[in-house]
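Enquirer: Okay, handing you the structure first.
No lab work stands behind these numbers, since they all come straight from the coordinates. Note that this is a predicted model, so its numbers are computed, not measured. FYI the Cβ positions are ideal-geometry reconstructions off the backbone, even for glycines, and counts take in every protein chain you see.
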Amino acid sequence: MQESLTAVFRKSPYGYIGYVEELPGANTQGKTLEETKKNLIEAVQLVLEANRQLAEEELPGTDYVKEPLGNITA
């Protein structure tokens, strides 16, 4: 079974709120559901990029191995 991410969208008085259950920090909002979906994809990309940068900052001066993990399957 391949691991997948779950997007949750909730109607609000100002449009929609969206977040990813499995990825803390990946959340957004938009006036329409379509706009919120688009914004959520961007939010996921930004969270992953920020996490990579934080990890890179911890690497200098340490002994490490870095390699692609690929698709997650269970």
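Enquirer: What's the angle, to the nearest 10 degrees (0 to 90), between helix 33-58's Cα axis and the longest principal axis of the chain?
Expert: Approximately 20 degrees, to the nearest ten.
Enquirer: Can you list the residues of region 31-51 with backbone N under 18 Å from a point 7 Å past the Cα of I17, pointing along Cα to Cβ?
Expert: The answer is 31-41, 43-44, whose backbone nitrogens lie closer than 18 Å to the label point.
Enquirer: Return one quarter of the surface area of the convex hull spanned by the alpha-carbon atoms of the chain, equal to its mean projected area, in nm². Write down the numbers at each step before the final one.
Expert: Working: hull surface 25.2 nm².
The number I arrive at for the chain is 6.3 nm².
Enquirer: Determine the dipole magnitude for region 7-57: charges of +1 sit on the beta-carbon of Lys and Arg, -1 on that of Asp and Glu, nothing else is charged, the reference point is the Cα centre, and the result goes in debye to the nearest 20. Before the final figure, lay out each step's value.
Expert: Working: 6 positive and 8 negative charges, 76 e Å.
The calculated dipole for region 7-57 is roughly 360 debye.
Enquirer: A follow-up question, please. Please turn the phi angles of region 9-26 into ³J(HN,Hα) values with the Karplus equation 6.51 cos²θ - 1.76 cosθ + 1.60 (θ = phi - 60°), one per residue in order, whole Hz, x for glycine and proline.
Expert: Per residue, the Karplus-derived 3J(HN,Hα) values read 10, 10, 6, 10, x, 10, x, 9, 10, x, 8, 10, 4, 8, 10, x, x, 8 Hz.
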